[in-house]
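Chemist: Below is one structure. I have some questions about it.
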Amino acid sequence: MIAELLFATFFGLLLLGVHRKVIARIQRRPGPPVWQEILHMLKFSFKTTWVPKTASATLFVGVVLVAIGIWTAALFVVLSGGSLLILFAIYMLHKIVEHGFGLSSGSPYGKFGGVRSVISAASEIPLFVSVAAIAVFTHSLLISDIIAYQALNGPLLFTIPLAAVAMYVVLLSKMPFGPFSIVESKELVSGYKTEHFGLWRAGLEVCNGLKTYVLLLTFILVFVGSMPIWMILIGMLLIIISLSFVCALSPMLSPYDTVTVQTLIAGIMVAYVAVLGVMS
Amino acid sequence: MKKQYALALALVAAGSGIAAMVLNMVHILPDWAYMGVLVIAFPLFVLGLGLYWMAREGEADIPFMGY
């Protein structure tokens, strides 16, 4: 488990580096090397660190620990074939963590970032609907059961493609530089993490690496099924490249447009699941 | 935090994780308990190691308010 945890952290950061590189190449920039996010994590560890005068010190530091802890737990839920509901509870906790990051510093930019993270909770709605679609077919929300179902009946990607699209939109909303990345919008400096620098930012980078790995791994296990590890890693790489294309070619939406688009997707998904439920 | 305390925190966290791994391998500690130890120990290890590594502790400042 320790080896998997360290591998997930570094591979997740490498995927985020690939994400930045692909976006840069599409925009005809050289871009940073693909291991830039790993270097970022190490670089921030060596920087001068303090807690701002206006911050709530306990929350300011504690939220970093919680951020890493919840995504460590999420990784173990996925690896042990646990319930999707626990995983999505962790998604919700992550929203509270982002909010905590923003509010703890006393910075107006952090606070706005924290508020936007609450607004962006709309991105979770398609997620719940895609879970409902999965439950209609598999009659279980355990990842191990979903994998077993796909071993017998083929990938859910072909059975319920719209649910996979909804989950893909959720992945997109979690990616930096994407159309739904309103929590890290440039008019808010760095959003909820503006004042978390130095070591605290290094902790946040570890959290981001784990989060990226867990989200992509979940997508593959839930919609494609179990595969050899090298195929899973290639699958994750292909998904991140496709996400990078979408991020590079689409503008960042305003917060209200983001919520509107995601609510529309959720509405379409509700209708789709209702039809699936009636037909099955 | 003093450097030696930070190093102690990182070492205790790493030691807990490794001890949990060994106990799990000899079937004394169940999987869920091993994972629970790592969920707590890993963040403490990251921050402990970072606090030990970091350049220095600067004096607290007010947050960035814009230009």
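The values are calculated or read from the model by the stated rules, or taken from the named source; none is laboratory data. Keep in mind that this is a model prediction, so the values were computed, not measured. Glycine gets a Cβ as well: all are built from the backbone with ideal geometry, and neighbour counts include every protein chain shown.
Chemist: In a helix (DSSP H, G or I) and without any contact (Cβ under 8 Å) to a residue 12 or more places away in the chain: does that describe A:A89? Steps first, please.
Modeler: On the way: in a helix (DSSP H, G or I): yes; without any contact (Cβ under 8 Å) to a residue 12 or more places away in the chain: yes.
Yes, satisfied.
Chemist: Please find, within the stretch A:40-60, the residue that is nearest to A:R20 (Cα to Cα) out of those that are crowded, with 18+ Cβ neighbours inside 10 Å and of a type in the set (V, I, T).
Modeler: If we take residues in the stretch A:40-60 being crowded, with 18+ Cβ neighbours inside 10 Å and of a type in the set (V, I, T), then A:T49 is nearest to A:R20 (Cα to Cα).
Chemist: Taking into account only those residues within the stretch A:35-94 that are out of contact with any strand residue (DSSP E or B) (no Cβ under 6 Å at 6 or more places or on another chain), among the hydroxyl-bearing types (S, T, Y) and modelled with pLDDT of 85 or more, which is farthest from A:A121 (Cα to Cα)?
Modeler: Ranking the qualifying residues of the stretch A:35-94, first place goes to A:S80.
Chemist: Now a separate question. Does the stretch A:177-190 include one or more residues that are in a loop (DSSP other than H, G, I, E, B), within 14 Å of chain B (Cβ to nearest Cβ) and farther than 21 Å from A:L6 by Cα?
Modeler: Pass one, the stretch A:177-190, residues in a loop (DSSP other than H, G, I, E, B): A:177-181, A:185, A:189-190.
When the remaining residues are screened for being within 14 Å of chain B (Cβ to nearest Cβ), the result is A:189-190.
From what is left, the residues that are farther than 21 Å from A:L6 by Cα are A:189-190.
The answer is yes; a qualifying residue exists.
Chemist: Can you name every residue in the stretch A:137-187 that is hydroxyl-bearing (S, T, Y) and under 18 Å from A:I268 (Cβ atoms)?
Modeler: Kept after step one, since they are hydroxyl-bearing (S, T, Y), are these residues of the stretch A:137-187: A:138, A:140, A:144, A:149, A:159, A:168, A:173, A:181, A:185.
Correct list: A:T159, A:Y168, A:S173.
Chemist: Does the stretch B:3-12 contain any residue that is under 22 Å from A:V206 (Cα atoms) and modelled with pLDDT of 90 or more?
Modeler: Yes - at least one qualifying residue is present in the stretch B:3-12.
Chemist: Just for the stretch A:97-121: of the residues that are under 14 Å from the mean Cα position of the chain (by Cα) and of a type in the set (A, V, I, L, M, F, W, C), which one is farthest from A:V206 (Cα to Cα)?
Modeler: Applying the first criterion (under 14 Å from the mean Cα position of the chain (by Cα)) to the stretch A:97-121 yields A:97-98, A:117, A:120-121.
Cutting the leftovers down to of a type in the set (A, V, I, L, M, F, W, C) gives us A:97, A:121.
Numbers: A:V97: 14, A:A121: 22 Å.
Top of the filtered list is A:A121.
Chemist: Hey, can you tell me all the residues within the stretch B:1-34 that are under 15 Å from the mean Cα position of the chain (by Cα), within 12 Å of another protein chain (Cβ to nearest Cβ) and of a type in the set (A, V, I, L, M, F, W, C)?
Modeler: B:M1, B:A6, B:L9, B:A10, B:A13, B:A14, B:I18, B:A19, B:A20
Chemist: On the basis of being farther than 26 Å from A:S181 by Cα and in a helix (DSSP H, G or I), does A:I96 make the cut? Spell out how you get there, then give the answer.
Modeler: Numbers: farther than 26 Å from A:S181 by Cα: no; in a helix (DSSP H, G or I): yes.
No: the conditions fail for A:I96.
Chemist: On to the next question. Among the residues of the stretch A:84-119, how many are in contact with a helix residue (DSSP H, G or I) (Cβ under 7 Å, 6 or more places away or on another chain), over 20 Å from A:G209 (Cβ atoms) and hydroxyl-bearing (S, T, Y)?
Modeler: 3
Chemist: Another question, then. Within the stretch A:61-95, take every residue that is under 13 Å from the mean Cα position of the chain (by Cα) and under 16 Å from A:L216 (Cβ atoms) and give me the one that is surrounded by the fewest Cβ atoms within 10 Å (Cβ to Cβ).
Modeler: So, considering only residues that are under 13 Å from the mean Cα position of the chain (by Cα) and under 16 Å from A:L216 (Cβ atoms), the one surrounded by the fewest Cβ atoms within 10 Å (Cβ to Cβ) is A:F88.
Chemist: If you don't mind, another one. Within the stretch A:40-59, count every residue that is among the basic types (K, R) and within 7 Å of chain B (Cβ to nearest Cβ). Spell out the reasoning first.
Modeler: Our first condition is that a residue be among the basic types (K, R); within the stretch A:40-59, this holds for A:43, A:47, A:53.
So of that shortlist, the ones also within 7 Å of chain B (Cβ to nearest Cβ) come out as A:47, A:53.
Final tally of qualifying residues: 2.
This table checks each residue for (1) part of a helix (DSSP H, G or I); (2) surrounded by fewer than 17 Cβ atoms within 10 Å (Cβ to Cβ); (3) of a type in the set (V, I, T); (4) free of Cβ contacts under 8 Å to residues at least 60 places away in the same chain.
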{"position": "A:A164", "(1), (2), (3), (4)": "yes, no, no, yes"}
{"position": "A:V169", "(1), (2), (3), (4)": "yes, no, yes, no"}
{"position": "A:V214", "(1), (2), (3), (4)": "yes, no, yes, no"}
{"position": "A:I220", "(1), (2), (3), (4)": "yes, no, yes, yes"}
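Chemist: May I ask you to list the residues in the stretch A:1-35 that are touching a helix residue (DSSP H, G or I) at 6+ places or on another chain (Cβ under 8 Å), over 17 Å from A:C247 (Cα atoms) and assigned to a helix (DSSP H, G or I)?
Modeler: Selection gives A:I2, A:E4, A:L5, A:A8, A:T9, A:F10, A:F11, A:G12, A:L13, A:L14.
Chemist: Continuing with this model, one more query. From the residues in the stretch A:60-86 that are of a type in the set (F, W, Y) and at the interface with another protein chain (Cβ under 10 Å from one of its Cβ atoms), which one is farthest from A:G100 (Cα to Cα)?
Modeler: Our first condition is that a residue be of a type in the set (F, W, Y); within the stretch A:60-86, this holds for A:60, A:71, A:76.
Pick out the ones that are also at the interface with another protein chain (Cβ under 10 Å from one of its Cβ atoms) and you get A:71, A:76.
Numbers: A:W71: 16, A:F76: 24 Å.
My answer is A:F76.
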